[in-house]
1. Of all residues in the range 202-236 being surrounded by 15 or more Cβ atoms within 10 Å (Cβ to Cβ) and in a helix (DSSP H, G or I), which is farthest from the chain's Cα centre (by Cα)?
2. Restricting attention to the range 130-145, report how many residues are open to solvent by 40 Å² or more (accessible area, probe 1.4 Å), touching a helix residue (DSSP H, G or I) at 6+ places or on another chain (Cβ under 7 Å) and among the acidic types (D, E).
3. Please identify the pairs in which a residue from the range 67-86 that is over 14 Å from V47 (Cβ atoms) has its Cβ atom under 6 Å from the Cβ atom of a residue that is among the aliphatic types (A, V, I, L, M) and open to solvent by less than 50 Å² (accessible area, probe 1.4 Å), counting only partners at least 6 apart or on another chain.
4. If you check G28 against the conditions, is it over 27 Å from R86 (Cβ atoms), modelled with pLDDT under 95 and open to solvent by 20 Å² or more (accessible area, probe 1.4 Å)?
5. Being open to solvent by 60 Å² or more (accessible area, probe 1.4 Å) and in contact (Cβ under 8 Å) with a residue 40 or more places away in the chain is the filter here, so list the residues in the range 32-58 that pass it.
6. Just to verify a result, which residue in the range 59-98, among those that are basic (K, R) and modelled with pLDDT under 95, is most open to solvent (accessible area, probe 1.4 Å)?
7. For the range 171-197, which positions are hydrophobic (A, V, I, L, M, F, W, C), free of Cβ contacts under 8 Å to residues at least 60 places away in the same chain and in contact with a strand residue (DSSP E or B) (Cβ under 7 Å, 6 or more places away or on another chain)?
8. Scan (1) surrounded by 15 or more Cβ atoms within 10 Å (Cβ to Cβ); (2) under 14 Å from the mean Cα position of the chain (by Cα); (3) not acidic (D, E) for the single condition R148 breaks and write down its number.
Amino acid sequence: LQEFNAEVLSVVDNRFLILDQTAFYAEGGGQISDRGIIEDRGKQYNVLEVTSIEGVIIHEIDRPNFKEGDRVHGVINWDRRLALMRAHTGTHIILGAARRVLGEHAWQAGASKAIERSRLDISHYSRLTRDEVERIEKLANQVVVEGRPVICKFMQRDTAEEKYGFRLYQGGAVPGKEIRVVDMGDWDVEACGGTHLANTSEAGLIKILGTERVQDGVERIVFAVGPYALEEVQRR
C-alpha cells in the first residue's frame, strides 16, 4: 500500500500528527521508519520520522498546518520502503545461511536494517573466517535465485510456538496473544513486525561487506542488498 486517505485526529506541538489510519511504517524491530509526504488542500508536507508510542503512530511533519478533522492524503516514499523491505528480508535470509554454515547455536543478537547497508549480529564462539563468510554469502544468494515465497501471517502465539518452536523469537520477545510470523518455509521463520518482500528473488543480490567482533561471543555481519549491493561490487 503506497498511498492512503486519512483524517487528522490530533496535532501535537504543531509538529506531530496523529491520523485515524496510516500506511507509514513506524520505527521498530531494527527497521528505520518510512518517509514520504502528506497532502492537504493542494499543499505537500514532508514526513520526517514516524514513531509508535504505546500503539499510537505519530508522524513528525515539517512546516505543519493541520487541524483536527482535516482530510489528508499520505504517500510513502516507495524507493525507500523497497530498500528497507530488501534489507529486512535479506537479514532473515543471511541468518538462515549463517545457521547452516556455523551451526544451530548461531542466534540473532541484534540487527539494524537501513537503506544502503545493514547489519546482523549473531552469536558465535569465534571470529568468522573468510571461507565461512563466502559460504554464507553464496548460500544467501542461492536462496535469492531460488525465488522462495515470503509469507507474512498472523497466528495465535501458542499455535505458532507449537508449530515453529522458540526460534520464532530470534529478533527478541514479541508481546501479545497474536503474533505476526514471517515464514520462508524451511529456511527461516521468525515473529516479526517489519516490512518484507513477497519473494526472495526481489532482493536481487546480497553482498557481505565485512564482519567484526562486537563483543565476546557476538559477530557482526555488515551487508548490502539489491542496487546497493551491485554498487558495492562495482566499486570494489
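1. Ranking the qualifying residues of the range 202-236, first place goes to E232.
2. 0
3. Taking only residues 6 or more apart or on different chains, the pairs are E68/V8; D70/V8; A83/I115; M85/L197; R86/A203; R86/V225.
4. No.
5. Selection gives R35 alone.
6. In this case the residue turns out to be R63.
7. Passing the criteria: V174, I179, V181, V189, A191.
8. (2)
The values are calculated or read from the model by the stated rules, or taken from the named source; none is laboratory data. What you are looking at is a predicted structure, and each value in this text was computed from that prediction instead of being measured. Heads up, the Cβs are rebuilt from the backbone with ideal geometry, glycines too, and the neighbour counts pull from every protein chain shown. Keep in mind that these areas ignore ligands, DNA and RNA; they rest on the heavy atoms of the full protein, side chains included. Shrake-Rupley method; radii C 1.70, N 1.55, O 1.52, S 1.80 Å.
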